[in-house]
Amino acid sequence: MSSTASATGSTSTPRHAEVAGAGFAGLTAAIALARSGWSVRVHEQNDTLRDFGAGILLWRNAMLALEVIGVAPRIKAEGVVPDAYATSLNGEMFTPELAGYPYWAITRPRLHAILVDAARDAGVDLVTGSKAVAAEPSGVLVLEDGSRLQADLVLACDGAGSAVRNSRPELVQERKKYQDGVCRVLVRRPEEFQGEEWDRVIDYWTLEPDAMRILFITTGPDTIYMGMMATTDNERASQIPIDPEVWSARFPHLAPVIELAAEATGGRHDPYQTNRVEPWSAGRVVLVGDSAHAMCPALGQGASVGMVNAVELAHVLSEHDDLGTALAVWEDRQRAMTDAAQARSAYMAETRTLARGNGFTPEVMETANFELAAATPEHLALYPVPLATEPASS
Ligand SMILES: Cc1cc2nc3c(=O)[nH]c(=O)nc-3n(C[C@H](O)[C@H](O)[C@H](O)COP(=O)(O)OP(=O)(O)OC[C@H]3O[C@@H](n4cnc5c(N)ncnc54)[C@H](O)[C@@H]3O)c2cc1C
C-alpha cells in the first residue's frame, strides 16, 4: 500500500483520518467521520474483514449510535428483539425483565458485514493485511512495513491489546484481570429450541461448587448464541471446543444444544478484563473502543459504549475546528459514562449479581439509556424506554 501524506489541516479540503483496526469501534468511527466529510482510511491487520462466530446484544445506546450513522435499519431487519431477559439460578426462574426494552440480538459476523457495507458506501478506504505498530502525536500512523502515514487524526481502534496505544507512554493504562472467562459460540438452532418461549435471553446460572453460567440468546430462527462462563481455573469449562460433558452435567436440560455447541467452529474463549486508560488522546492520536476502555462483559456493553464514543467523537469534531478543543470536549463528555459502565460491569462480574435475577435496575440501565449528543429528537423517539426496566410481570 502507498504511504501518501494527505493531511492538510485546511477547511477547504477534507480532513483526513487514519484508523488502526476494523472492529466495531474502528468501522463505526470511520463511517461517522466519512459521513461528516472526512477522508478516512482503515487498516485491518487480518487478510479478511470479518468477526468471529458469536452473537452480540446491541443496547439502546448502541442503536442510537447506529441510527446516527444510518446503519440501524439493517440491524432491525437482520437482528431480533428478545422479548424479555429471563434469569434462572439452580433451575429457579426469576420474573423476566426488560420486556419491551429496545435492544437487539444479532450475530457478530452479520453486524460486522453490515458495518463494512456502510463504510464502503460512505467512501471509507478499507485496507486489509495492514498492521499498525505505532503512532506519533504529530498525526503519524506507523505501519509494520515501515510506512508513515500523516493524518489530521489517527484513531487507535486496535482492541484491548492495542499496539498503537502501547507505543504512546503518555496514554497510561491500568489493566485488571478477573476470576471468570467466557466461551462464545454460535449454534444451529434445533427443533426443540424453536418457539416463543426461546425467543428471549435466558441467563442460566449455577454457583455451586463453582460458578458456571450459560447465556442463551436466539439470534434468529436459525442460530443461537451461547456465552458459557466459568472461572478460568476450571480448565475443562474454559476451552474451545466446548467440553459437552462438563457443561451438560451442570445444565442437563440444555444437553442437546450443548452437544451442538461442542461441534461449533469459529468460537472463542476470553478471560474477563478491564483496561482503563487516561487520557484517551495524545496530540493527534486518539483511542476509541476497547483500546481505551475494555470492560468485563457482565452487562454486554463494551462494543455499545465503543460505538457511542466513536459517533460522539465525529459529532464533537464537527462542532469544533480546533482538534485539541474537540478531543478535550469529547473526553470530558464521554468519560463519566464510560468509567461508570466499566466500574459497574467489574462489580457485577466480581459479585455475580445478575445470578439473583432482577438485576436490571434503573442504575444498571444508565449506560444502555445514555443519550448521545449526536442523536436527534427523531432518533430518540424511535427508542422509547418502557417503564418495564423494572421487573416485568411474567
Ligand atoms: C464474552 C463477551 C461478551 C460480550 N458481549 C457484548 C455484548 O453483548 N454487547 C456489547 O456491546 N459488547 C459486548 N462485548 C464487548 C465487545 O466484544 C468489545 O467491546 C468489542 O468487540 C470491542 O470492539 P473494538 O473494535 O474496540 O475492538 P476489537 O473487537 O478487538 O477489534 C479490533 C480490530 O483491530 C484489529 N487489529 C488489532 N491490532 C491491530 C493492529 N496492530 N493493526 C491493525 N489492525 C489491528 C483486529 O484484528 C480487529 O479487527 C463482549 C465481550 C466479551 C468478552
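In table form, for the structure just shown:
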| quantity | calculated |
| --- | --- |
| Elements of type helices (runs of 4 or more DSSP H) contained in region 235-303, each with 1 or more residues being of a type in the set (D, E, K, R) and away from the ligand (no atom under 16 Å from the Cβ) | 244-250, 255-263 |
| Residue check for Asp117: more than 15 Å from the ligand (Cβ to nearest atom) and within 21 Å of the chain's Cα centre (by Cα) | yes |
| Members of region 100-126 that are surrounded by fewer than 18 Cβ atoms within 10 Å (Cβ to Cβ) and either at pLDDT below 95 or in contact with an Asp or Glu (Cβ under 7 Å, 6 or more places away or on another chain) (or both) | Gly100, Pro109 |
| Some residue of region 13-24 being out of contact with any strand residue (DSSP E or B) (no Cβ under 6 Å at 6 or more places or on another chain) and away from the ligand (no atom under 13 Å from the Cβ) | yes |
| Residue within region 373-391 that is closer than 16 Å to Ala32 by Cβ, modelled with pLDDT of 95 or more and among the acidic types (Asp, Glu) present | no |
| Filter result for the condition that a residue is over 19 Å from Leu317 (Cβ atoms), away from the ligand (no atom under 15 Å from the Cβ), touching a strand residue (DSSP E or B) at 6+ places or on another chain (Cβ under 7 Å) and not hydroxyl-bearing (Ser, Thr, Tyr), over Glu44, Glu78 | Glu78 |
| Cross-chain or 6+ apart pairs with Cβ under 8 Å, region 324-341 first and charged (D, E, K, R), then not in a helix (DSSP H, G or I) | Glu331/Pro279; Glu331/Trp280; Glu331/Ser281; Arg333/Ala373; Arg335/Trp280; Asp339/Arg276 |
| Count of region 161-192 residues which are in a loop (DSSP other than H, G, I, E, B) and either of a type in the set (Lys, Arg) or crowded, with 19+ Cβ neighbours inside 10 Å (or both) | 4 |
| Matching option when the condition is farther than 24 Å from Leu387 by Cβ, among the basic types (Lys, Arg) and out of contact with any His (no Cβ under 9 Å at 6 or more places or on another chain), among Arg276, Arg344, Arg335 | Arg335 |
| Some residue of region 327-334 being within 16 Å of the ligand (Cβ to nearest atom), among the polar types (S, T, N, Q), at pLDDT 95 or above and surrounded by 15 or more Cβ atoms within 10 Å (Cβ to Cβ) | yes |
| Matching option when the condition is not acidic (Asp, Glu) and not in a loop (DSSP other than H, G, I, E, B), among Ala341, Ala373 | Ala341 |
| Any chance Leu354 is closer than 30 Å to Glu67 by Cβ, buried (at least 21 other Cβ atoms within 10 Å of the Cβ), more than 10 Å from the ligand (Cβ to nearest atom) and modelled with pLDDT under 95 | yes |
| Residue list for region 40-67, restricted to those being more than 28 Å from Leu143 (Cβ to Cβ) and assigned to a loop (DSSP other than H, G, I, E, B) | Gly53, Ala54, Trp59 |
| Residue match in region 173-183 (condition: over 24 Å from Leu27 (Cα atoms), within 13 Å of the ligand (Cβ to nearest atom) and free of Cβ contacts under 8 Å to residues at least 60 places away in the same chain) | no |
| Criterion (farther than 24 Å from Arg108 by Cβ, β-branched (Val, Ile, Thr) and under 19 Å from the mean Cα position of the chain (by Cα)) met by exactly one of Val311, Val286 | Val286 |
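The values are calculated or read from the model by the stated rules, or taken from the named source; none is laboratory data. This is a predicted model, so every value here is computed, not measured. We place every Cβ from the backbone using ideal geometry, glycine too, and count neighbours over all the protein chains shown.
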